[in-house]
Amino acid sequence: MSENISISQDGNGKVSRIIRMGTRKSQLARIQTDSVASRLKEIYPDVHLEIVAMSTIGDKILDTALSKIGEKSLFTKELENALERNEVDIVVHSLKDLPTSLPPGFTIGAVLQRENPHDAVVLHPKNAGLTLNSLPEKSVIGTSSLRRAAQLKKRFPQLEFENIRGNLNTRLKKLDEKEDYAAIILAAAGLKRMGWETRISHILGPEDCMYAVGQGALAVEVRAQDKDILKMVSVLNHSDTVLRCISERAFLRQLEGGCSVPVAVHTEVNGSMLYLTGAVYSLDGSECLKNSMEICVEIDNKVNESAQECVHVGVSANNVSSVALEAAEKLGVDLANLLLNKGAKDILTTARKLNDAQ
Ligand code: DPM
């Protein structure tokens, strides 16, 4: 094990490892990291946790739409550098910000129980009581997600869509203090974690807007070789969430979509069945390929002993049935292949080119 491991000793001579958790500096990132820290503290009261806050490229470039910065691991690179240098041992991310292929040496050691994965409409206070349907024609909706804009443009052609960037605090401020936007669209999970659930005027169901791959789930990234930490964080895995998110990530990876393409999903676990609906859109939503598939993910209690051999789209869930994990990954790959056969590649390539040219 690395010589960088920190050891602390309490008054009774008891030795315990110090675990450092890296986080972005945004309030949401801090809240997410703190919530994982308190879970770990409950389970391992003897472990010393330290939180190290850092800025990432995604935090520094606030005026450009995410999809245009062209940096693949926007919010994760600096944190991964710190992991690699053993400056931190654990990094907590929103799973949807993590690429489907992680750089060598890193793995997702835990995916925690998902919050509400849907998107939410937050209205300008003057529009209280209205919905996307009843807002006046040509009302401007703020979102820089290609996925949200594509689906909502198709569904609500009377509305207009404009980019809005910045962290959640900045966006709510931009909404409330100016007259630029009639409403903005944000993930319900982020709003809930920030304690701003009361600002949600309505949640968008799958018929209006399907969610992003991994949305609403927290992921714990660690060094793939750090078996102690991997084992420690694996207790945080929520098996239904792990299976859903593996199928979603496999779908996105097979489509070769990054975190800024108009790709959306919907998953459910019911008994031993895992259901995945996936779609790709043109930027204006006029073209859409959408299908659903299901697979049996029976839990056989065949738990993986060697985490090394069992990484599924970047996730090492060595306390979840390996048969179920394989089935979940296959489901995502099969659904992506179905859409690829129908021309998904062309739709995504055109969307990417158009977005780059804008
Ligand atoms: C990714 C997207 C967005 C974030 C693209 C998408 C939204 C970008 C925007 C991949 N990451 O969803 O289609 O609105 O301009 C992000 C948020 C959360 C994690 C904020 C949000 C919180 C929710 C969660 C940004 N990443 O989507 O409102 O944990 O899933």
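The values are calculated or read from the model by the stated rules, or taken from the named source; none is laboratory data. Computed from a predicted model, the values in this text were never measured in an experiment. Cβ placement follows ideal geometry from the backbone for every residue including glycine, while neighbour counts extend to all protein chains displayed. When the accessible area is computed, the model is the full protein with side chains, heavy atoms only, and any ligands, DNA or RNA have been set aside. Shrake-Rupley method; radii C 1.70, N 1.55, O 1.52, S 1.80 Å.
Observations on the model:
- Those residues of the range 317-345 which are in a loop (DSSP other than H, G, I, E, B) and surrounded by fewer than 20 Cβ atoms within 10 Å (Cβ to Cβ), in sequence order: N319, K342, G343
- Considering the range 136-153, and only residues there that are open to solvent by less than 40 Å² (accessible area, probe 1.4 Å) and in a helix (DSSP H, G or I), the residue that is nearest to the ligand (Cβ to nearest atom) turns out to be R147.
- Any hit, the range 257-267, residues being under 15 Å from A327 (Cβ atoms) and open to solvent by 30 Å² or more (accessible area, probe 1.4 Å): no
- N355 in contact with a Ser or Thr (Cβ under 8 Å, 6 or more places away or on another chain), modelled with pLDDT under 95 and under 15 Å from S239 (Cα atoms): no
- Checklist (1) in a loop (DSSP other than H, G, I, E, B); (2) within 16 Å of the ligand (Cβ to nearest atom) applied to V121, failing item: (1)
- Test: residue in the range 206-220 that is assigned to a helix (DSSP H, G or I), open to solvent by 10 Å² or more (accessible area, probe 1.4 Å) and under 14 Å from T143 (Cβ atoms): no
- The set of residues from the range 20-42 being modelled with pLDDT under 95 and among the aliphatic types (A, V, I, L, M) comprises L28, A29.
- Flag if S260 is within 14 Å of the chain's Cα centre (by Cα) and in a loop (DSSP other than H, G, I, E, B): yes
- Residues being within 11 Å of the ligand (Cβ to nearest atom) and of a type in the set (K, R) - total across the range 154-199: 4
- Hits in the range 223-245 (condition: within 16 Å of the chain's Cα centre (by Cα) and either within 16 Å of the ligand (Cβ to nearest atom) or not in a helix (DSSP H, G or I) (or both)): N237, H238, T241, V242, R244, C245
- On inspection, T107 fails the criterion of being outside any strand (DSSP E or B) and of a type in the set (V, I, T).
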